[in-house]
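Colleague: Below is a structure I'd like to ask you about.
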Amino acid sequence: MSKKDTTAVGDAAKSSIWGGRFSRGPSQLMQDINASIAYDKQLYRQDIDGSKAHATMLAACGIISDADCAAIHDGLSQIITEIEAGDFEFSAALEDIHMNIESRLADLIGEPARRLHTARSRNDQVATDFKLWVRASIDALDDALAALQASLLDKADEHCNTIMPGFTHLQTAQPVTFGFHLMAYVEMLGRDRGRFADARVRLNESPLGAAALAGTSFPIDRAQTAELLGFDRPAANAMDAVSDRDFALELLAAASICAVHLSRLAEEMVIWSSDRFAFISLSDAFTTGSSIMPQKRNPDAAELVRAKPGRIIGSLNGLLIVLKGLPLAYGKDMQEDKEGVFDAVESLAIAIAATSGMVRDMTANKNAMRDALTTGFPTATDLADYMVRELGLPFREAHHASGSIVALAAAKGCDLDALSLEDMQAVEPRIKADIMGILTVESAVAARTSFGGTAPVEVKARIADARSRFAIER
């Protein structure tokens, strides 16, 4: 181990953070494991917003002077300018974004800066900053998901009449429309938005003023800082306020479910754009080539979206494990709460953006979709339904007769609508000539007018409803 690893560093900085209890600073290794500034510096705006609110409240309560409050506000505004201009020097010796900003504030305004930390701790400060960041991230993700829903709704509207196979077990099941299929994802994303919105409601309680864990003896007004920061109320228990990160877990849980939904759509885009399906094509904007095979057009954007849940779910699992055995209140373990959340939100945001782009970019191959319905007997259920509705057969008996007619068509190497009336009557003599107008895929799609069904008229109605329910403008 080198001398650098064992020598105490940053003595002056550390004594200013920790006070008189420590006469020397930590070793370089301790500094390396302890510092979080490399990633928590992105909380700078939330930290400054929280500090401004805290200073305003301290002045209103007579704990600091109005002059000190004004100086603090001016200094913090200058720090924002410096950070956003790239002129701020972040120091690992100062550990985190809170002490980096406080130290710079002291350089700028002197003694008033040292009064800012009255009646708060880094424990409630970081919880406040993190909640503000998560809340802003939820709002940004909601906007992005609404934009993705809009892309899907527009594409679904365009393809209300485009017939394709609906699959179960990735085998042809029944004919549906492409618009109907896309609308399934509109609903999934709507529930995702609901989960994020629910999480936002629960997180919107302010930790500020909880101090280290037990509150403070100063006559502060936590309701005022909560209101200034857009929280609904102050958190009711100081220990809970600083020691739990369930708001981050909820964000990650909602993000994981959303990422899985995006991954399922991405997988379908991979399948649909393959040579064997050719249901859609993606342009050069969302595909790549091969380093050796010049004919290739690879759906790499979709494949990368398909992979994102691995990172996002990993972040959820990681934070659950960090928190699972922690006694109350705060432990330094909780410093490990942010990197995974930051990464998960960034990963989800780019996955949403890429999916929106692919949905807008993809071109449906209507002929390939329609041709795929010439195999797999997609109207077999319609045949069974006909025998129930028109012949009065119990469904199980109709199901059996329909299966026998499918077997006959398979033996003849044709689809159901290519069988003769006589062929079908050989299995079920009561079948009439009107069956011939029912077994086309167009008729099967048009017949499914039940609420939420695939009939084009019903898909149109559900698109209009979705635009209203999810507040999606055309």
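Colleague: Quick check on my filter: what residues within the stretch 352-397 are more than 42 Å from the chain's Cα centre (by Cα) and not in a helix (DSSP H, G or I)?
Modeller: Gly392, Leu393, Pro394
Colleague: Report the residue count in the stretch 80-101 for those that are open to solvent by 40 Å² or more (accessible area, probe 1.4 Å) and either touching a Pro at 6+ places or on another chain (Cβ under 6 Å) or closer than 24 Å to Ile64 by Cβ (or both). Show your work before the answer.
Modeller: Residues of the stretch 80-101 that are open to solvent by 40 Å² or more (accessible area, probe 1.4 Å), as a first pass: 81, 84-87, 89-90, 92.
Okay, now just the ones that are also either touching a Pro at 6+ places or on another chain (Cβ under 6 Å) or closer than 24 Å to Ile64 by Cβ (or both), so 81.
Residues meeting the conditions: 1.
Colleague: Taking the stated definitions as given, is Ser291 surrounded by fewer than 16 Cβ atoms within 10 Å (Cβ to Cβ) and either within 23 Å of Phe178 (Cβ to Cβ) or of a type in the set (Lys, Arg) (or both)?
Modeller: Values: surrounded by fewer than 16 Cβ atoms within 10 Å (Cβ to Cβ): yes; either within 23 Å of Phe178 (Cβ to Cβ) or of a type in the set (Lys, Arg) (or both): no.
In short, no.
Colleague: I've got another one for you. For a quick check of your reading of the model, give me the residue pairs whose first member lies in the stretch 145-157 and is touching a residue at least 12 places away in the same chain (Cβ under 8 Å), whose second is of a type in the set (A, V, I, L, M, F, W, C) and surrounded by fewer than 18 Cβ atoms within 10 Å (Cβ to Cβ), with beta-carbon atoms closer than 8 Å and at least 6 apart or on different chains.
Modeller: So the pair list comes out as Ala146/Ala471.
Colleague: Within the stretch 229-241, take every residue that is among the charged types (D, E, K, R) and touching a strand residue (DSSP E or B) at 6+ places or on another chain (Cβ under 9 Å) and give me the one that is most open to solvent (accessible area, probe 1.4 Å). First the steps, then the outcome.
Modeller: The initial filter retains those residues of the stretch 229-241 that are among the charged types (D, E, K, R), namely 232-233, 240.
From what's left, touching a strand residue (DSSP E or B) at 6+ places or on another chain (Cβ under 9 Å): 232-233.
Details: Asp232: 94, Arg233: 110 Å².
Top of the filtered list is Arg233.
Colleague: Scan the stretch 171-189 for residues that are open to solvent by 10 Å² or more (accessible area, probe 1.4 Å) and assigned to a helix (DSSP H, G or I) and jot them down. Before you say what the answer is, go through the steps one by one.
Modeller: To start, the set of residues in the stretch 171-189 that are open to solvent by 10 Å² or more (accessible area, probe 1.4 Å) comprises 171-174, 176, 180-181, 183-185, 187-188.
Result: Phe180, His181, Met183, Ala184, Tyr185, Glu187, Met188.
Colleague: May I pose another question? Mind checking which residues of the stretch 431-458 are of a type in the set (A, V, I, L, M), assigned to a helix (DSSP H, G or I) and free of Cβ contacts under 8 Å to residues at least 40 places away in the same chain? Walk me through it before giving the result.
Modeller: Looking only at the stretch 431-458, we keep the residues that are of a type in the set (A, V, I, L, M), and these are 431, 433, 435-436, 438-439, 441, 444-447, 455, 457.
Next, from what is left, pick out any that are assigned to a helix (DSSP H, G or I): 433, 435-436, 441, 444-447, 457.
Ala433, Met436, Ala446, Val457, listed by residue number.
Colleague: Read through the list (1) under 27 Å from the mean Cα position of the chain (by Cα); (2) open to solvent by less than 10 Å² (accessible area, probe 1.4 Å), then give the number of the only condition that Ala113 fails.
Modeller: (1)
Colleague: Could you go through the stretch 250-269 and let me know if any residue there is over 18 Å from Ser51 (Cβ atoms), in a loop (DSSP other than H, G, I, E, B), among the charged types (D, E, K, R) and under 27 Å from the mean Cα position of the chain (by Cα). Lay out the reasoning, then the answer.
Modeller: Taking the stretch 250-269 as the starting set, the residues that turn out to be over 18 Å from Ser51 (Cβ atoms) are 250-269.
Those left that are additionally in a loop (DSSP other than H, G, I, E, B): none.
No; the residues of the stretch 250-269 include none that is over 18 Å from Ser51 (Cβ atoms), in a loop (DSSP other than H, G, I, E, B), among the charged types (D, E, K, R) and under 27 Å from the mean Cα position of the chain (by Cα).
Colleague: Another question, if that's okay. Can you find even one residue in the stretch 131-143 that is among the charged types (D, E, K, R) and crowded, with 23+ Cβ neighbours inside 10 Å?
Modeller: The initial filter retains those residues of the stretch 131-143 that are among the charged types (D, E, K, R), namely 131, 135, 139, 142-143.
Still in the running and crowded, with 23+ Cβ neighbours inside 10 Å: 131.
Scanning the stretch 131-143, I find at least one residue that is among the charged types (D, E, K, R) and crowded, with 23+ Cβ neighbours inside 10 Å, so the answer is yes.
Colleague: Identify the single condition in (1) out of contact with any Pro (no Cβ under 9 Å at 6 or more places or on another chain); (2) assigned to a helix (DSSP H, G or I); (3) open to solvent by less than 80 Å² (accessible area, probe 1.4 Å); (4) not assigned by the TED database to the domain that holds Leu141 that His400 does not satisfy, given that it satisfies every other one.
Modeller: Just one mismatch for His400, condition (3).
Colleague: With respect to Arg297, is the statement that it is charged (D, E, K, R), over 30 Å from Ala426 (Cβ atoms), touching a Gly at 6+ places or on another chain (Cβ under 8 Å) and open to solvent by 30 Å² or more (accessible area, probe 1.4 Å) true? Talk me through it step by step, then tell me what you get.
Modeller: Values: charged (D, E, K, R): yes; over 30 Å from Ala426 (Cβ atoms): yes; touching a Gly at 6+ places or on another chain (Cβ under 8 Å): yes; open to solvent by 30 Å² or more (accessible area, probe 1.4 Å): yes.
Here the answer is yes, as Arg297 does meet what is asked.
Colleague: Let me ask something else about it. In the set Ala307, Ala278, Ala285, which member is small (Gly, Ala, Ser), open to solvent by 50 Å² or more (accessible area, probe 1.4 Å) and in contact (Cβ under 8 Å) with a residue 60 or more places away in the chain? Spell out how you get there, then give the answer.
Modeller: Values: Ala307 fails: in contact (Cβ under 8 Å) with a residue 60 or more places away in the chain; Ala278 fails: open to solvent by 50 Å² or more (accessible area, probe 1.4 Å).
From the options Ala307, Ala278, Ala285, the qualifying one is Ala285.
Colleague: Moving on to the next point. Is it the case that some residue within the stretch 26-35 is of a type in the set (S, T, N, Q), farther than 21 Å from Pro207 by Cβ, assigned by the TED database to the domain that holds Ile101 and assigned to a loop (DSSP other than H, G, I, E, B)?
Modeller: no
Colleague: Can you tell me which residue in the stretch 444-460 is surrounded by the most Cβ atoms within 10 Å (Cβ to Cβ), limited to those that are of a type in the set (A, V, I, L, M) and more than 11 Å from Phe180 (Cα to Cα)?
Modeller: Here is the first cut: in the stretch 444-460, the residues of a type in the set (A, V, I, L, M) are 444-447, 455, 457, 459.
Narrowing the set further to residues that are more than 11 Å from Phe180 (Cα to Cα) leaves 444, 446-447.
Details: Ala444: 25, Ala446: 18, Ala447: 16.
The residue in question is Ala444.
Colleague: Kindly establish whether Met362 is touching a residue at least 40 places away in the same chain (Cβ under 8 Å) and within 26 Å of Phe178 (Cβ to Cβ). Explain how you work it out, then say what you get.
Modeller: Numbers: touching a residue at least 40 places away in the same chain (Cβ under 8 Å): yes; within 26 Å of Phe178 (Cβ to Cβ): yes.
Yes.
Colleague: Mind listing whichever residues of the stretch 57-104 are among the polar types (S, T, N, Q) and either closer than 19 Å to Asn34 by Cα or in contact with a His (Cβ under 8 Å, 6 or more places away or on another chain) (or both)?
Modeller: Ser91, Asn100, Ser103
Colleague: Name the residues in the stretch 158-170 that are free of Cβ contacts under 8 Å to residues at least 40 places away in the same chain and either open to solvent by less than 10 Å² (accessible area, probe 1.4 Å) or among the aromatic types (Phe, Trp, Tyr) (or both), would you?
Modeller: Answer for the stretch 158-170, where residues must be free of Cβ contacts under 8 Å to residues at least 40 places away in the same chain and either open to solvent by less than 10 Å² (accessible area, probe 1.4 Å) or among the aromatic types (Phe, Trp, Tyr) (or both): just Phe167.
Colleague: A further question on this structure: For the subset of the stretch 242-267 comprising residues that are of a type in the set (D, E, K, R) and surrounded by fewer than 19 Cβ atoms within 10 Å (Cβ to Cβ), which member is farthest from Glu205 (Cα to Cα)?
Modeller: Step one: list which residues in the stretch 242-267 are of a type in the set (D, E, K, R), which gives 244-246, 250, 264, 267.
Now narrow it down to the ones that are surrounded by fewer than 19 Cβ atoms within 10 Å (Cβ to Cβ): 246, 264, 267.
Details: Asp246: 12, Arg264: 35, Glu267: 39 Å.
Applying the filter and picking the extreme gives Glu267.
Colleague: Here is a further query. Right, Ala471: of a type in the set (A, V, I, L, M, F, W, C), part of a helix (DSSP H, G or I) and farther than 29 Å from Ser273 by Cα or not? Please lay out each step first, then the result.
Modeller: Details: of a type in the set (A, V, I, L, M, F, W, C): yes; part of a helix (DSSP H, G or I): no; farther than 29 Å from Ser273 by Cα: yes.
Spelling it out, it is not the case that Ala471 is of a type in the set (A, V, I, L, M, F, W, C), part of a helix (DSSP H, G or I) and farther than 29 Å from Ser273 by Cα.
The values are calculated or read from the model by the stated rules, or taken from the named source; none is laboratory data. Bear in mind that the values here come from a model prediction, so they are computed numbers and not experimental data. Every residue, glycine among them, receives a Cβ derived from its backbone with ideal geometry; neighbour counts consider all protein chains shown. Quick note on the areas: whole protein, heavy atoms, side chains included, nothing else; ligands and nucleic acids left out. Shrake-Rupley method; radii C 1.70, N 1.55, O 1.52, S 1.80 Å.
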